[in-house]
Amino acid sequence: MTVEQEKFINYYKEERNNFRDPEIFFDENVLSICPRKINKLNIIGDLFLVIIIPLIVCFLLIKIPFPFSMQLFLIGIALIWVIFTLNERINRIKLNNNIRIDSENGLLTITPIDYFRKNILKKDSLTFSYNSIKGIETKRRKFDKLNAGIRIIINSENGKINLIDIWTKSFGEKLSELISELTKKI
């Protein structure tokens, strides 16, 4: 690892968004990127967020006699809520991975760390050799009204694979440059 890369890791260990951004560790030619783990309690909270609006709509439809058009409108709102919330939660779970970049063996490993994929679905880790990686891309991602970040994407022989979401834009850009530099060295 070069001096500039070590400075980057030390600087962003302190400057990252502690609540959202992953931690970075470097041990003997292996760079590890570890996001916050999604545990059982988070899955229960996500399930609660998905069903709260439909429950309120069902309660209103049972207690208050609305006209048919208003009933359809409320059911439509509940369905849109479920679809939108599930989509956001699924995207969040898909990118909850530990990433290991082994510069000695030339491997990039993506390991799921969330409870759902690891323990329930029994998903295995994906391993890519540096030769199979065509490039690293960044895509600006708007997480909410105030927070814009970066999604790091790998172009490989198998297509594009979303690697990780970074909430701090400058951290995400520098991290993608670091990953790109490390994966080009074989």
Out of Glu137, Glu181, Glu177, report the one residue that is in a strand (DSSP E or B) and either surrounded by fewer than 19 Cβ atoms within 10 Å (Cβ to Cβ) or modelled with pLDDT under 75 (or both).
Glu137
Could we say that Ile101 is outside any helix (DSSP H, G or I), modelled with pLDDT of 75 or more and either open to solvent by 20 Å² or more (accessible area, probe 1.4 Å) or at negative phi (or both) here?
yes
Return yes when Ile150 is modelled with pLDDT of 75 or more, surrounded by 15 or more Cβ atoms within 10 Å (Cβ to Cβ) and closer than 20 Å to Glu104 by Cβ and no when it is not.
no
The condition from (1) at pLDDT 70 or above; (2) exposed (fewer than 15 other Cβ atoms within 10 Å of the Cβ); (3) not aromatic (Phe, Trp, Tyr) that Glu4 misses is numbered (1)
Looking only at region 104-123, filter to residues that are more than 25 Å from Ser180 (Cβ to Cβ) and within 17 Å of the chain's Cα centre (by Cα); which one of those is least open to solvent (accessible area, probe 1.4 Å)?
Asp114
Please go through region 59-78 and give me each residue that is in contact with a helix residue (DSSP H, G or I) (Cβ under 8 Å, 6 or more places away or on another chain) and in a helix (DSSP H, G or I), ordered by number.
Leu60, Leu61, Gln71, Leu74, Ile75, Ile77, Ala78
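The values are calculated or read from the model by the stated rules, or taken from the named source; none is laboratory data. Treat the numbers as computed from the prediction; the structure is a model and nothing was measured. FYI the Cβ positions are ideal-geometry reconstructions off the backbone, even for glycines, and counts take in every protein chain you see. Just so you know, the surface numbers come from the protein's heavy atoms only, side chains and all, with ligands and any DNA or RNA stripped out. Shrake-Rupley method; radii C 1.70, N 1.55, O 1.52, S 1.80 Å.
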